[in-house]
Amino acid sequence: MMMNLVLQGPSGDSAALAQLAKLARMAPSARVVELHAPDHSALRCEQVDATPVLRAAIEQAALESRLDATFIEAGRTLADFKLVAMDMDSTLITIECIDEIADMQGLKPQVAAITEAAMRGDLDFSTSLQQRVALLKGLDASALQRVLDERLQLSKGALQLLAGVKAAGLKTLLVSGGFTFFTNAMKQRLGLDYAHANALEIADGKLTGRVLGAIVDAEEKKRTVERICSELGIATGQTIVLGDGANDLKMMGIAGLSVAFRAKPVVRAQADVALNFVGLDGVLTLLM
């Protein structure tokens, strides 16, 4: 099958550039085009015969060189899409908020272990969330603001990605198995169109250890993407969905383009695109 191969790596790194060129030579094509990505180096090899053997060899070599290699259909651009849906924790932002909240209780190792197992798909997400939130019972709600102010950082390339998709007229959705305190803050700060997450119950200024309402699990994430698409009058195939954990797989499965960002192996294996080393703006490079 003839496809384009997009290679991306750190900007200004001569060794990385040389390795990009080496990978390009592994995939003979009619034309190799240098792409002008602001924060990293990129090449597009056009009309590559993407045999299973070649794909496996390129992907292995890219991982070993800490570069991203993506086979993608020729001609795909941002104009093919109308909505970008993003997971929050460890995707749009660098942290798992619940792990950092737990750190305020001295319980980060215990909670982080449950989070990791859930993201790998080893634990049911809803059950794992209830277990983790229960450990936060009694914590002063001011801990949420501390996490927001002191620990929350955007992932590399997040602002560039959002600027690019907004300029192209796409709507943005943040859908998270995390908490509304943080998704609402991100929605306001970044000018996102939609946000949906779990609500922590707070009584007398303290966390009760419970979540209000239905839990935003994998199925609810998928339903949310479908609902927003319906409101916008678009097909789910007109969405780009980004995630990193097992609870993102169902919404990624209905996307026109699914992107695994710094993701668990189970997610990388099922996504259309895996970005392991460049930032979120690598999505824009793919669709140039």
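The values are calculated or read from the model by the stated rules, or taken from the named source; none is laboratory data. Every value quoted in this text rests on a predicted model; they were computed, and no experiment measured them. Because the Cβ atoms are built from the backbone with ideal geometry, glycine has one as well, and the counts that use them run over all protein chains shown.
Taking the stretch 230-241, which residues are crowded, with 24+ Cβ neighbours inside 10 Å and either over 16 Å from SER176 (Cα atoms) or in contact with a Leu (Cβ under 7 Å, 6 or more places away or on another chain) (or both)?
THR239, ILE240
If a residue must be over 20 Å from ALA271 (Cβ atoms) and in a loop (DSSP other than H, G, I, E, B), how many such residues does the stretch 93-103 contain?
So the count comes out to 1.
Within the stretch 55-74, which residues are closer than 15 Å to ARG262 by Cα and β-branched (Val, Ile, Thr)?
The answer is THR70, and nothing else.
Residue pairs, Cβ under 8 Å, 6 or more apart or interchain, first in the stretch 33-54 and under 30 Å from ALA158 (Cα atoms), second among the β-branched types (Val, Ile, Thr) and assigned to a helix (DSSP H, G or I). List them.
LEU35/THR285; ALA37/THR285; HIS40/THR285; ALA42/THR285
Could you please give the count of residues in the stretch 219-265 that are more than 24 Å from ALA79 (Cα to Cα), hydrophobic (A, V, I, L, M, F, W, C) and touching an Asp or Glu at 6+ places or on another chain (Cβ under 7 Å)?
So the answer is 1.
Go through the stretch 227-248 and report how many residues are hydroxyl-bearing (Ser, Thr, Tyr) and out of contact with any helix residue (DSSP H, G or I) (no Cβ under 7 Å at 6 or more places or on another chain).
The number of residues fulfilling the criteria is 1.
With the requirement that a residue be crowded, with 24+ Cβ neighbours inside 10 Å and either assigned to a loop (DSSP other than H, G, I, E, B) or at positive phi (or both), what does the stretch 245-254 give you?
Result: GLY245, single match.
Could you pull out every one of the helices (runs of 4 or more DSSP H) wholly within the stretch 104-201 that has 1 or more residues that are among the polar types (S, T, N, Q) and buried (at least 20 other Cβ atoms within 10 Å of the Cβ)?
Here the list reads 108-120, 125-134, 180-190.
All but one of (1) in contact with a strand residue (DSSP E or B) (Cβ under 7 Å, 6 or more places away or on another chain); (2) modelled with pLDDT of 95 or more; (3) closer than 16 Å to SER126 by Cα hold for VAL225; state the number of the condition that does not hold.
Condition (3) is where VAL225 drops out.
Return the pair list, or none, for Cβ contacts closer than 7 Å from residues in the stretch 132-147 that are under 15 Å from GLU96 (Cβ atoms) to residues that are assigned to a loop (DSSP other than H, G, I, E, B) and not polar (S, T, N, Q), at least 6 apart or on different chains.
LEU135/LEU107; ALA143/MET104
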